[in-house]
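The structure appears below as C-alpha coordinates.
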Amino acid sequence: MTSNPFFLYGKNILITGASSGIGRACAVKCSELGAKVILMGRDKTRLSETYSKVYGEGHLCFAIDLTDFEGVEETVKQIVKETGKIDGLINSAGISTTLPITQLKPDKIEHFFRTNVAGAMNLTRLVTAGANFSEEGGSIIFISSVMGVAGETGKSIYSITKGALIAGAKSLALELASRKIRVNCVSPGVVETPMSKKAIYSRNEESLNKIKALHPLGLGQPEDIANVCAFLMSDAARWITGTNLIVDGGYLAR
(Lines give C-alpha, C1' and ligand atoms only; values in the text may rest on other atoms or scores of the structure.)
Protein backbone atom coordinates (compact mmCIF):
# COMPACT_ATOMS: atom_id res chain seq x y z
CA MET A 1 0.00 0.00 0.00
CA THR A 2 1.42 3.40 -0.96
CA SER A 3 1.80 6.10 1.69
CA ASN A 4 -0.81 8.84 1.78
CA PRO A 5 0.80 12.18 0.75
CA PHE A 6 -1.76 14.08 2.83
CA PHE A 7 -0.53 12.56 6.11
CA LEU A 8 2.00 14.40 8.27
CA TYR A 9 3.64 11.53 10.11
CA GLY A 10 7.25 12.20 11.08
CA LYS A 11 6.96 15.98 10.63
CA ASN A 12 7.74 18.56 13.31
CA ILE A 13 5.45 21.54 12.74
CA LEU A 14 5.73 24.83 14.62
CA ILE A 15 2.53 26.86 14.92
CA THR A 16 2.29 30.41 16.26
CA GLY A 17 -0.91 31.95 17.59
CA ALA A 18 -1.74 28.43 18.78
CA SER A 19 -3.58 29.58 21.88
CA SER A 20 -6.90 30.08 20.02
CA GLY A 21 -8.70 30.47 16.72
CA ILE A 22 -6.98 29.48 13.49
CA GLY A 23 -3.68 28.63 15.20
CA ARG A 24 -5.39 26.24 17.60
CA ALA A 25 -7.33 24.59 14.79
CA CYS A 26 -4.11 24.15 12.79
CA ALA A 27 -2.44 22.48 15.77
CA VAL A 28 -5.31 20.04 16.24
CA LYS A 29 -5.57 19.19 12.54
CA CYS A 30 -1.82 18.71 12.02
CA SER A 31 -1.60 16.46 15.08
CA GLU A 32 -4.63 14.51 13.87
CA LEU A 33 -2.73 13.82 10.64
CA GLY A 34 0.29 12.54 12.54
CA ALA A 35 2.56 15.55 13.04
CA LYS A 36 4.38 16.46 16.22
CA VAL A 37 3.28 20.04 16.88
CA ILE A 38 5.14 22.79 18.69
CA LEU A 39 2.71 25.37 20.02
CA MET A 40 3.63 29.04 20.42
CA GLY A 41 1.49 31.78 21.88
CA ARG A 42 1.49 34.54 24.45
CA ASP A 43 -1.09 33.04 26.82
CA LYS A 44 0.21 30.05 28.77
CA THR A 45 -3.22 29.04 30.06
CA ARG A 46 -4.84 29.03 26.62
CA LEU A 47 -1.85 27.21 25.15
CA SER A 48 -2.44 24.50 27.73
CA GLU A 49 -6.05 24.30 26.56
CA THR A 50 -4.85 23.76 22.99
CA TYR A 51 -2.36 21.15 24.18
CA SER A 52 -5.21 19.23 25.80
CA LYS A 53 -7.00 19.02 22.43
CA VAL A 54 -4.17 17.78 20.19
CA TYR A 55 -3.77 14.13 19.24
CA GLY A 56 -0.81 11.90 20.07
CA GLU A 57 2.19 12.53 22.28
CA GLY A 58 5.49 14.40 22.29
CA HIS A 59 4.08 17.84 21.53
CA LEU A 60 5.59 21.00 23.03
CA CYS A 61 4.31 24.38 24.26
CA PHE A 62 6.17 27.67 24.50
CA ALA A 63 4.53 30.79 25.92
CA ILE A 64 6.35 33.72 24.33
CA ASP A 65 5.69 37.00 22.55
CA LEU A 66 7.10 36.89 19.01
CA THR A 67 8.30 40.47 19.36
CA ASP A 68 10.69 39.30 22.07
CA PHE A 69 13.24 38.64 19.35
CA GLU A 70 16.07 37.45 21.60
CA GLY A 71 13.73 35.18 23.53
CA VAL A 72 12.37 33.70 20.31
CA GLU A 73 15.89 32.89 19.12
CA GLU A 74 16.62 30.95 22.31
CA THR A 75 13.25 29.21 22.06
CA VAL A 76 13.97 27.98 18.53
CA LYS A 77 17.27 26.53 19.72
CA GLN A 78 15.45 24.74 22.53
CA ILE A 79 12.82 23.37 20.13
CA VAL A 80 15.42 21.88 17.81
CA LYS A 81 17.31 20.44 20.76
CA GLU A 82 14.18 18.70 22.06
CA THR A 83 12.44 17.64 18.83
CA GLY A 84 15.06 17.65 16.11
CA LYS A 85 14.90 19.80 13.02
CA ILE A 86 11.70 21.55 11.98
CA ASP A 87 9.73 20.50 8.89
CA GLY A 88 7.06 23.17 8.80
CA LEU A 89 6.03 26.55 10.21
CA ILE A 90 2.55 28.08 10.29
CA ASN A 91 2.74 31.80 11.11
CA SER A 92 -0.75 32.34 12.49
CA ALA A 93 -0.11 34.91 15.23
CA GLY A 94 -1.32 38.42 14.51
CA ILE A 95 -3.48 41.34 15.58
CA SER A 96 -6.30 43.20 13.86
CA THR A 97 -8.08 46.51 14.21
CA THR A 98 -10.38 48.93 12.42
CA LEU A 99 -9.06 52.49 12.49
CA PRO A 100 -9.51 55.59 10.31
CA ILE A 101 -6.39 57.24 8.89
CA THR A 102 -6.75 60.07 11.41
CA GLN A 103 -5.79 57.65 14.19
CA LEU A 104 -2.84 55.97 12.47
CA LYS A 105 0.01 57.61 14.31
CA PRO A 106 3.57 56.32 13.81
CA ASP A 107 3.63 54.35 17.08
CA LYS A 108 0.45 52.50 16.10
CA ILE A 109 1.82 51.70 12.63
CA GLU A 110 5.11 50.50 14.12
CA HIS A 111 3.27 48.29 16.63
CA PHE A 112 1.28 46.54 13.89
CA PHE A 113 4.31 45.99 11.67
CA ARG A 114 6.36 44.70 14.59
CA THR A 115 3.64 42.20 15.52
CA ASN A 116 2.22 41.10 12.16
CA VAL A 117 5.29 41.33 9.93
CA ALA A 118 8.56 41.55 11.86
CA GLY A 119 7.58 38.84 14.35
CA ALA A 120 6.65 36.37 11.61
CA MET A 121 9.63 37.18 9.38
CA ASN A 122 12.10 36.98 12.24
CA LEU A 123 10.79 33.58 13.32
CA THR A 124 10.91 32.37 9.72
CA ARG A 125 14.52 33.56 9.47
CA LEU A 126 15.46 31.58 12.57
CA VAL A 127 13.49 28.45 11.70
CA THR A 128 14.84 28.18 8.15
CA ALA A 129 18.47 28.43 9.24
CA GLY A 130 20.39 25.38 8.06
CA ALA A 131 20.94 24.12 11.60
CA ASN A 132 17.22 24.27 12.39
CA PHE A 133 15.30 23.13 9.29
CA SER A 134 15.05 19.71 7.69
CA GLU A 135 17.53 18.97 4.92
CA GLU A 136 14.67 17.35 3.00
CA GLY A 137 12.83 20.66 2.74
CA GLY A 138 9.41 21.54 4.05
CA SER A 139 6.74 24.20 4.17
CA ILE A 140 6.31 27.74 5.50
CA ILE A 141 2.87 29.35 5.70
CA PHE A 142 1.93 32.94 6.50
CA ILE A 143 -1.68 33.53 7.49
CA SER A 144 -2.54 36.70 5.61
CA SER A 145 -6.07 37.95 4.81
CA VAL A 146 -8.32 38.96 1.94
CA MET A 147 -7.64 42.46 3.28
CA GLY A 148 -4.12 42.02 1.90
CA VAL A 149 -5.54 42.19 -1.64
CA ALA A 150 -8.87 43.99 -1.19
CA GLY A 151 -9.81 47.28 0.40
CA GLU A 152 -12.24 48.02 3.22
CA THR A 153 -12.93 51.21 5.12
CA GLY A 154 -10.85 51.52 8.27
CA LYS A 155 -8.65 48.49 7.49
CA SER A 156 -5.65 50.30 5.99
CA ILE A 157 -3.06 49.43 8.66
CA TYR A 158 -4.23 45.82 8.85
CA SER A 159 -4.26 45.58 5.05
CA ILE A 160 -0.75 46.99 4.78
CA THR A 161 0.69 44.37 7.11
CA LYS A 162 -1.17 41.48 5.47
CA GLY A 163 -0.21 42.67 2.00
CA ALA A 164 3.41 42.81 3.14
CA LEU A 165 3.26 39.12 4.07
CA ILE A 166 1.92 38.21 0.62
CA ALA A 167 4.65 40.17 -1.14
CA GLY A 168 7.39 38.87 1.14
CA ALA A 169 6.30 35.25 0.76
CA LYS A 170 6.77 35.41 -3.02
CA SER A 171 10.38 36.51 -2.70
CA LEU A 172 11.07 34.03 0.09
CA ALA A 173 9.65 31.25 -2.09
CA LEU A 174 12.29 31.99 -4.72
CA GLU A 175 15.07 32.39 -2.18
CA LEU A 176 14.39 29.08 -0.43
CA ALA A 177 13.34 26.94 -3.41
CA SER A 178 16.84 25.50 -3.86
CA ARG A 179 16.47 23.94 -0.40
CA LYS A 180 13.01 22.56 -1.26
CA ILE A 181 11.41 24.86 1.28
CA ARG A 182 8.01 25.99 0.00
CA VAL A 183 6.61 29.36 1.09
CA ASN A 184 2.94 30.26 0.70
CA CYS A 185 0.24 32.51 2.14
CA VAL A 186 -3.29 31.58 3.09
CA SER A 187 -5.73 34.50 3.00
CA PRO A 188 -9.00 33.92 4.85
CA GLY A 189 -12.15 35.96 4.69
CA VAL A 190 -13.91 36.54 8.00
CA VAL A 191 -13.54 33.49 10.23
CA GLU A 192 -15.44 33.10 13.48
CA THR A 193 -12.65 33.30 16.05
CA PRO A 194 -12.23 35.05 19.41
CA MET A 195 -10.47 37.91 17.56
CA SER A 196 -13.27 38.40 15.03
CA LYS A 197 -15.89 38.32 17.79
CA LYS A 198 -14.21 41.37 19.32
CA ALA A 199 -14.26 43.29 16.03
CA ILE A 200 -16.41 46.38 15.58
CA TYR A 201 -18.72 44.60 13.12
CA SER A 202 -19.57 41.98 15.77
CA ARG A 203 -20.91 44.52 18.23
CA ASN A 204 -24.42 44.64 16.79
CA GLU A 205 -26.54 42.28 14.72
CA GLU A 206 -27.04 44.68 11.80
CA SER A 207 -23.30 45.15 11.23
CA LEU A 208 -22.61 41.44 11.60
CA ASN A 209 -25.32 40.56 9.08
CA LYS A 210 -23.72 42.94 6.56
CA ILE A 211 -20.41 41.11 6.95
CA LYS A 212 -22.11 37.74 6.59
CA ALA A 213 -23.81 38.92 3.39
CA LEU A 214 -20.39 39.59 1.84
CA HIS A 215 -19.55 35.87 2.14
CA PRO A 216 -21.79 33.80 -0.19
CA LEU A 217 -20.93 30.59 1.69
CA GLY A 218 -21.25 32.24 5.09
CA LEU A 219 -18.53 33.04 7.59
CA GLY A 220 -15.66 30.59 7.91
CA GLN A 221 -14.70 28.35 10.79
CA PRO A 222 -11.11 27.90 12.03
CA GLU A 223 -11.19 24.32 10.76
CA ASP A 224 -11.73 25.59 7.20
CA ILE A 225 -8.36 27.34 7.32
CA ALA A 226 -6.67 24.54 9.23
CA ASN A 227 -7.58 22.01 6.53
CA VAL A 228 -5.92 24.17 3.88
CA CYS A 229 -2.82 24.68 6.01
CA ALA A 230 -2.52 20.94 6.67
CA PHE A 231 -2.62 20.36 2.92
CA LEU A 232 0.14 22.92 2.31
CA MET A 233 2.21 21.31 5.07
CA SER A 234 1.89 17.91 3.42
CA ASP A 235 3.84 16.30 0.60
CA ALA A 236 0.66 16.49 -1.48
CA ALA A 237 1.50 20.19 -1.96
CA ARG A 238 5.15 19.63 -2.85
CA TRP A 239 4.81 21.57 -6.16
CA ILE A 240 3.07 24.62 -4.68
CA THR A 241 5.14 27.63 -3.67
CA GLY A 242 5.01 31.41 -3.92
CA THR A 243 1.22 31.52 -4.02
CA ASN A 244 -1.53 33.18 -2.01
CA LEU A 245 -4.38 30.74 -1.47
CA ILE A 246 -7.68 32.55 -0.98
CA VAL A 247 -10.09 30.81 1.43
CA ASP A 248 -12.93 33.27 1.81
CA GLY A 249 -16.34 31.70 1.26
CA GLY A 250 -16.69 33.68 -1.97
CA TYR A 251 -15.87 37.13 -0.55
CA LEU A 252 -13.62 38.09 -3.46
CA ALA A 253 -16.02 36.69 -6.06
CA ARG A 254 -18.19 39.78 -5.68
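The values are calculated or read from the model by the stated rules, or taken from the named source; none is laboratory data. No experiment lies behind these values; they were computed from the predicted model shown. Glycine also receives a Cβ, built like all others from the backbone with ideal geometry; neighbour counts cover every protein chain displayed.
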Considering the range 48-86, residues that are surrounded by 16 or more Cβ atoms within 10 Å (Cβ to Cβ) and out of contact with any helix residue (DSSP H, G or I) (no Cβ under 8 Å at 6 or more places or on another chain), and then whichever is farthest from ALA131 (Cα to Cα), we arrive at TYR51
Of (1) at pLDDT 95 or above; (2) under 17 Å from the mean Cα position of the chain (by Cα); (3) not β-branched (Val, Ile, Thr), LEU176 fails just (2)
Kindly indicate which of CYS30, CYS26 is out of contact with any Ser or Thr (no Cβ under 8 Å at 6 or more places or on another chain), crowded, with 23+ Cβ neighbours inside 10 Å and at pLDDT 95 or above.
-> CYS30
SER178 touching a Pro at 6+ places or on another chain (Cβ under 8 Å) and closer than 28 Å to PHE7 by Cα = no
Residue count, the range 232-243 (criterion: surrounded by fewer than 19 Cβ atoms within 10 Å (Cβ to Cβ) and either in contact (Cβ under 8 Å) with a residue 24 or more places away in the chain or not in a loop (DSSP other than H, G, I, E, B) (or both)) = 6
Tally, over the range 115-156, of residues that are within 21 Å of ILE246 (Cβ to Cβ) and either outside any loop (DSSP other than H, G, I, E, B) or not hydroxyl-bearing (Ser, Thr, Tyr) (or both) = 17
Can you find even one residue in the range 80-90 that is of a type in the set (Asp, Glu) and either part of a helix (DSSP H, G or I) or free of Cβ contacts under 8 Å to residues at least 60 places away in the same chain (or both)?
-> yes
Candidates VAL72, VAL146, VAL54, VAL127 - the one that is under 15 Å from the mean Cα position of the chain (by Cα), at pLDDT 95 or above and over 21 Å from ARG179 (Cβ atoms) | VAL146
